[in-house]
Number of protein chains: 2
Amino acid sequence: MSESEALAPVRPGARKPPATIYDIARATGVSPSTVSRALNKPGRLKEATERRIRDAADQLGYRINPMARALPTGKTGTLALLVSDITNPVYFDVVRGAERIATARGLTLVFAESQESPELELATAQRLQTSVDGLFLVASRLTDDQIVELSSVKPLIVANRLVPGVTAVVPDPRPGISAALDRLHEFGHHRIAYLSGPDASWMNGVRWRTLFTYAVERGMSIVEIPSTTPTREGGAEALQRVLAADVSAVFAYNDLVALGLLRAARDQGVDVPRQLSIVGFDDIFGADLPTPALSTIKSPLREMGEAGMHRLLVEIDGIDEEHAPSLPTRYIDRESVADRR
Amino acid sequence: MSESEALAPVRPGARKPPATIYDIARATGVSPSTVSRALNKPGRLKEATERRIRDAADQLGYRINPMARALPTGKTGTLALLVSDITNPVYFDVVRGAERIATARGLTLVFAESQESPELELATAQRLQTSVDGLFLVASRLTDDQIVELSSVKPLIVANRLVPGVTAVVPDPRPGISAALDRLHEFGHHRIAYLSGPDASWMNGVRWRTLFTYAVERGMSIVEIPSTTPTREGGAEALQRVLAADVSAVFAYNDLVALGLLRAARDQGVDVPRQLSIVGFDDIFGADLPTPALSTIKSPLREMGEAGMHRLLVEIDGIDEEHAPSLPTRYIDRESVADRR
DNA sequence: CTGAAAGCGCTTACAG
DNA sequence: CTGAAAGCGCTTACAG
């Protein structure tokens with residue numbers, strides 16, 4: 001069972017070429033155009049002919065060649081979703097939501113990742129663009145100009161970001177942040193920090209500004225502490241600086257960072273939440289796993305995926321079917337925030 | 001900032017049709033065939049002509065249409081990776097590994113998921129097959145016959161499964177299981193259980209049989225306890241039955257199940273690992289998050305992704321470049337296994 | 001070194 | 001209701 005192979009695989013030469021509409025035409029004695037019609041516009045042919053053609057198609061195991069169809073029509077029937085890192089748990093529910101809509105519409109959704117590289121993202125987007133009907137950019141690392149340029153060639157939407165002139169779907173950070181701050185305030189926290197994310201991240205800016213405004217409104221002090229990378233390692237590295245800031249609670253740019261911070265605290269004997277309360281963003285897979293379980297501000301990821309796809313389809317088909325839903329964040333109160341009263 | 005849209009998006013009508021080789025031909029005064037050569041077979045044209053053509057291509061923002069190219073050549077330059085659930089952390093490193101190889105080869109890797117549905121998996125595989133050069137099935141839910149059938153139309157490989165006549169890449173569960181069992185034995189465990197996964201999972205069968213053989217060899221008693229679903233919920237649900245089995249340690253089908261079990265134990269005041277030791281499989285993201293951190297048997301996921309892609313490329317190009325590496329699992333000793341001596 | 005021509009598998013006006 | 005023809009954007013023998 002350590003063998004990677006059982007019998008010899010099919011020899012390349014052995015593969016039979018797939019059936020085409022010409023094969024079906026020959027088998028049924030009609031013209032290729034008629035076959036095309038029978039398969040694509042049911043009801044436009046004589047009942048019997050259509051039946052005969054469909055049967056022959058089944059018989060021959062006919063499968064339409066989407067690329068051949070795309071050439072004359074310009075429609076590929078596939079959509080692409082581009083993420084920076086397909087293994088980032090933050091994207092999960094966005095992907096699920098998008099997937100659901102695409103499947104319901106009979107469209108193929110294809111994923112690609114840019115591995116956090118703007119160059120690779122641009123290259124991938126450009127290459128994909130010629131073979132799909134539309135692009136869905138989640139957390140793009142491109143510049144506004146690059147995105148606008150891409151959107152001038154084919155329908156495109158972005159999530160988690162606002163680009164002038166481009167359709168976007170972004171969560172509203174205010175309800176979640178507001179609720180979290182209320183909780184901290186009620187629990188007697190007065191000095192808080194924001195362990196920030198990458199400068200290039202649009203969401204990072206929004207989170208920080210919202211946090212800042214709302215904290216000040218509530219009479220709390222707030223300070224921004226930069227983190228090196230938006231990962232668990234980045235969070236762990238920042239612990240000493242967070243501790244040195246003399247705050248009772250810290251918001252982390254995302255759950256990955258918060259989780260790293262939490263683990264470093266545990267490893268170094270810092271009591272969370274008694275000594276330091278921690279709040280993350282996103283509610284990724286695993287946020288509820290540690291002890292204490294991480295309190296976090298959740299974005300409506302799945303709804304974002306669905307809304308994004310809907311709006312992309314609107315851009316493609318022109319049919320304006322529904323209004324953009326509001327996408328409020330929500331505070332999830334778990335165990336990493338302490339009552340100091 | 002709760003607005004989903006800033007300015008009006010590009011109107012569909014406003015999009016300029018992409019440049020073709022005909023446009024370049026017209027701009028440079030050569031024939032389309034020459035343009036094609038200039039762009040694809042560098043060095044086959046007069047230096048100056050080639051330069052001129054390349055410049056014009058850049059100028060016009062020319063991007064080759066992969067579907068148009070695929071028609072005459074039969075090569076699309078893209079490969080598809082199909083998983084049952086793209087948000088399952090188990091696939092992460094497989095995906096990363098595959099991605100790395102594809103990118104290095106200048107190929108586009110595209111992902112699709114079957115949402116755990118065999119019907120959807122088959123439909124997706126068939127549809128994708130006509131637009132890619134090869135298919136990589138990770139943890140397929142199809143029957144052997146269906147997979148063999150698919151592999152007769154285009155190059156295809158499977159991971160985490162053995163299908164007669166189909167190239168496969170599977171981890172060797174023995175080193176990891178053997179090491180884990182040695183550890184348990186050394187720690188004084190004599191009665192163990194296996195909380196099993198889906199019957200349809202090939203890996204589940206392999207894990208159980210290996211566990212069984214090796215446990216018996218070591219004089220340990222072992223019992224199989226079925227779990228309802230291979231998820232955290234499934235693991236949580238099984239806790240009472242595991243407890244009732246009167247064992248000191250349990251192996252779970254995968255980390256998701258193990259994590260569910262661990263959490264249920266914590267919630268119900270069962271002391272892990274003192275009262276019950278738990279070992280998972282896979283070492284997914286988050287396995288090290290809980291207290292106690294989960295001990296688990298790790299598959300060389302990334303290597304599997306890489307090896308799989310390599311073998312797929314071999315099937316496609318016929319070039320036999322390297323031998324199948326052995327893919328041993330490894331036991332990761334964390335905190336969920338207790339010393340009972 | 002370069003061009004004209006045929007062909008890849010489909011669709012869709014245009015006729016009949 | 002159905003067929004012949006042209007065309008989608010490329011590639012590649014085949015000539016020259």
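Data table
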{"read-out": "Cβ neighbours within 10 Å from other chains - mean over B:130-136", "value": "3"}
{"read-out": "Relative contact order (percent, whole number), chain B, Cα cutoff 8 Å, 6+ residue spacing", "value": "16 percent"}
{"read-out": "Copy-to-copy label separations for A:P328, where each label sits 7 Å from Cα toward Cβ, in nm and ascending", "value": "5.6"}
{"read-out": "Beta bridges by DSSP in the protein assembly as shown, antiparallel share as percent, to the nearest 5", "value": "10 percent"}
{"read-out": "Sites B:Q240 and B:T143, calculated FRET efficiency, Cβ-Cβ separation with R0 41 Å, nearest 0.05", "value": "0.75"}
{"read-out": "Helix-only CD estimate at 222 nm, as mean residue ellipticity for the protein assembly as shown, using -39500 (n - 2.57) per DSSP H run (n ≥ 4)", "value": "-13000 deg cm²/dmol"}
{"read-out": "Choice from B:G219, B:G235, B:G134 showing the highest fluctuation, given a GNM over chain B with Cα pairs closer than 10 Å", "value": "B:G219"}
{"read-out": "Candidates A:P198, A:P300, A:P173: whichever shows maximal mean-square fluctuation once chain A is modelled as a Gaussian network with Cα springs under 10 Å", "value": "A:P198"}
{"read-out": "Entries in A:K75/B:K41; A:K41/A:K75; A:K16/A:K75; A:K75/B:K75; A:K16/B:K75 that, when Cα-Cα distance is taken, lie over 23 Å", "value": "A:K75/B:K41; A:K16/A:K75"}
{"read-out": "Overall form of the protein assembly as shown per C-alpha gyration tensor (a/c, 1.5; a/b vs b/c)", "value": "oblate"}
{"read-out": "In sequence order, calculated HN-Hα J values of region A:183-199 (Karplus, 6.51, -1.76, 1.60; Hz; x Gly/Pro)", "value": "4, 4, 4, 4, 7, x, 8, 10, 10, 10, 10, 10, 8, 7, x, x, 4"}
{"read-out": "Straight-distance crosslink candidates among aspartates and glutamates, where the alpha carbon sits under 15 Å from A:K46 and sequence neighbours closer than 8 are dropped", "value": "A:D55"}
{"read-out": "Cβ neighbours within 10 Å from other chains - mean over A:59-71", "value": "4"}
{"read-out": "Helix axis angle, B:255-267 relative to chain B longest principal axis, alpha carbon, degrees", "value": "40 degrees"}
{"read-out": "Angle between chain A longest axis and helix A:202-217 axis [Cα atoms, degrees, rounded to 10]", "value": "30 degrees"}
{"read-out": "Acute angle (nearest 10 degrees) that the helix B:301-317 long axis makes with the longest principal axis of chain B, alpha-carbon atoms", "value": "40 degrees"}
{"read-out": "Label-to-label distance, nm, for residues given as A:H185 and B:H190 (7 Å Cα→Cβ offset)", "value": "6.3 nm"}
{"read-out": "Shielding score for A:286-296, defined as the mean number of other chain Cβ atoms within 10 Å", "value": "4"}
{"read-out": "Label geometry 7 Å along the beta-carbon vector: B:R209 inter-copy distances in nm", "value": "6.1"}
{"read-out": "Rel. contact order, % - alpha carbon contacts under 8 angstrom, at least six apart, region B:224-341", "value": "24 percent"}
{"read-out": "Highest-fluctuation residue, B:T229, B:T73, B:T103 considered, GNM on chain B with Cα pairs under 10 Å", "value": "B:T73"}
{"read-out": "Counting all C-alpha pairs of chain A, share separated by more than 37 Å (%)", "value": "37 percent"}
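A short reminder: the numbers here are calculations on the coordinates, not readings from a lab. Because the structure is a prediction, the values reported are computed rather than measured. Cβ sites come from the backbone with ideal geometry, for glycine too, and all protein chains shown count toward neighbours.
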